[in-house]
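Novice: Can you read through this structure? Questions will come right after.
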Amino acid sequence: MELIRIPRIMQDTCRKHLQKGRSIGVVPTMGALHEGHLSLIKRSRAENDVTAVSIFVNPTQFGPAEDLGRYPRDIEGDSKKIRELEADILFLPDDRIMYPPGFTTFIDVEKISGKLCGEFRPGHFKGVATVVSKLLNIVRPTRAYFGQKDFQQSVVIRRLVKDLNFDAEVVICPTIREHDGLAMSSRNAYLNPEQRHAATALFRCLTAASQAILAGMHYPAAVREMMHAVLSREPLITAIEYADVYDPETLEAIDEIKGEVLLAVAARLGSTRLIDNMLLNT
Ligand code: AMP
């Protein structure tokens, strides 16, 4: 595994692979790797000649009151996992090289960035869209791998790639869960044992809603009420940011449950914010 910290060197290395006719898969991450991240790396390994994993805790996607400072970091453990999966390149830039003094160019994927999480994390998707654009320009990957866990992020990135003519295929991989259904997330490390137990309410609320819809509940308002009821029963959930049924393309709340729908939830357990979602064919 090659370790590269400098964008220019990363660009040259990737270009050489492409010139030799090799396909490149890129897996962008913020590190503290878990099985969710590893599933993306495995998929890229299976589908490409060269796999590049990036680890960069991107400051521009964190709000001023968010957890940038305490975001879990474990470069040594991460490198070991990436090496074990036989990925080819670890791209590990730092803040100064990604955002040098004078940096002023940002990508804003309008409308969809303001829905769901965007309402509670203003500027978050602008930071995501900007750093993903930079990575796509640095690597020029054949394919770029993201998780369904961050559903809105996948919608924003698909839009961005289409709108700005990036020549990469966006591959969205299924959410990997703990044995009790909790979606794996680097932020789960913030939870104390009681909160960790309570956090399963997100998955339970999605499961209850999907079962109700499949059993014939066709009023979005009723589904929403049910999702809120499941979450409200859990005293360690301190805030429900959203829990509802949406159009998976526009991320708008819907007034009729028909075709493919998105069940999505964001809730807080103390200072920890968790999200989860499920796609459902009705
Ligand atoms: P992050 O390090 O949180 O920015 O995540 C990096 C990538 O891994 C993103 O595309 C996430 O959607 C994806 N990811 C995070 N958690 C999971 C999970 N539980 N299952 C599948 N993919 C995930």
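The values are calculated or read from the model by the stated rules, or taken from the named source; none is laboratory data. All of these numbers come straight from a predicted model, not from anything done at the bench. Ideal geometry is used to build each Cβ from the backbone, glycine not excepted, and the neighbour counts take in all protein chains shown. Accessible surface areas use protein heavy atoms only, side chains included; no ligands, DNA or RNA. Shrake-Rupley method; radii C 1.70, N 1.55, O 1.52, S 1.80 Å.
Novice: In region 179-201, what residues are outside any helix (DSSP H, G or I) and buried (at least 20 other Cβ atoms within 10 Å of the Cβ)?
Specialist: Residues satisfying the conditions are Leu182, Ala183, Ser185, Ala199.
Novice: Using the structure shown, decide if Ile9 is in contact (Cβ under 8 Å) with a residue 12 or more places away in the chain and among the β-branched types (Val, Ile, Thr).
Specialist: no
Novice: With respect to His218, is the statement that it is on the phi < 0 side of the Ramachandran plot, assigned to a loop (DSSP other than H, G, I, E, B) and within 16 Å of the ligand (Cβ to nearest atom) true?
Specialist: Spelling it out, it is not the case that His218 is on the phi < 0 side of the Ramachandran plot, assigned to a loop (DSSP other than H, G, I, E, B) and within 16 Å of the ligand (Cβ to nearest atom).
Novice: Could you look through region 144-177, keep only residues that are in a loop (DSSP other than H, G, I, E, B) and over 18 Å from Lys42 (Cβ atoms), and pick out the one that is farthest from the ligand (Cβ to nearest atom)?
Specialist: The residue in question is Asn165.
Novice: Test of understanding: among Arg224, Arg204, which residue is under 14 Å from Val261 (Cβ atoms), in a helix (DSSP H, G or I), of a type outside the set (A, V, I, L, M) and open to solvent by 60 Å² or more (accessible area, probe 1.4 Å)?
Specialist: Just one listed residue meets the conditions, Arg224.
Novice: Could you tell me which numbered condition Leu90 fails, if it satisfies all but one of (1) open to solvent by less than 80 Å² (accessible area, probe 1.4 Å); (2) over 25 Å from Asp49 (Cα atoms); (3) not in a helix (DSSP H, G or I)?
Specialist: The single condition Leu90 does not satisfy is (2).
Novice: Output the strands (runs of 3 or more DSSP E) that fall wholly within region 235-282 and possess 3 or more residues being under 17 Å from Tyr219 (Cβ atoms), or say none.
Specialist: Numbers: elements: 239-246, 260-269, 272-281.
The qualifying strands (runs of 3 or more DSSP E) are 239-246, 260-269.
Novice: A further question on this structure: So which residues in region 110-123 are outside any loop (DSSP other than H, G, I, E, B) and either surrounded by 16 or more Cβ atoms within 10 Å (Cβ to Cβ) or over 17 Å from the mean Cα position of the chain (by Cα) (or both)?
Specialist: Passing the criteria: Ile112, Ser113, Leu116, Cys117, Gly118.
Novice: Which of the residues that make up region 25-39 are more than 6 Å from the ligand (Cβ to nearest atom), within 11 Å of Tyr145 (Cβ to Cβ) and among the small types (Gly, Ala, Ser)?
Specialist: Once the filter is applied, which keeps residues that are more than 6 Å from the ligand (Cβ to nearest atom), within 11 Å of Tyr145 (Cβ to Cβ) and among the small types (Gly, Ala, Ser), region 25-39 yields only Gly25.
Novice: Inspect all residues belonging to region 98-109 and state whether any of them is in contact with a Leu (Cβ under 8 Å, 6 or more places away or on another chain), assigned to a loop (DSSP other than H, G, I, E, B) and surrounded by fewer than 20 Cβ atoms within 10 Å (Cβ to Cβ).
Specialist: Yes, region 98-109 contains a residue that is in contact with a Leu (Cβ under 8 Å, 6 or more places away or on another chain), assigned to a loop (DSSP other than H, G, I, E, B) and surrounded by fewer than 20 Cβ atoms within 10 Å (Cβ to Cβ).
Novice: Another question, then. Tally the residues that are open to solvent by 30 Å² or more (accessible area, probe 1.4 Å) and outside any loop (DSSP other than H, G, I, E, B), restricting the search to region 40-58. Quick ask: steps written out before the conclusion?
Specialist: Start the filter on region 40-58 by keeping residues that are open to solvent by 30 Å² or more (accessible area, probe 1.4 Å), which leaves 42-43, 45-47, 49.
Now restrict to residues that are outside any loop (DSSP other than H, G, I, E, B): 42-43, 45-47.
Residues meeting the conditions: 5.
Novice: Out of all the residues in region 20-35, is one or more open to solvent by less than 20 Å² (accessible area, probe 1.4 Å) and more than 23 Å from His124 (Cβ to Cβ)?
Specialist: Within region 20-35 (the criterion being open to solvent by less than 20 Å² (accessible area, probe 1.4 Å) and more than 23 Å from His124 (Cβ to Cβ)), the answer is yes, since at least one residue qualifies.
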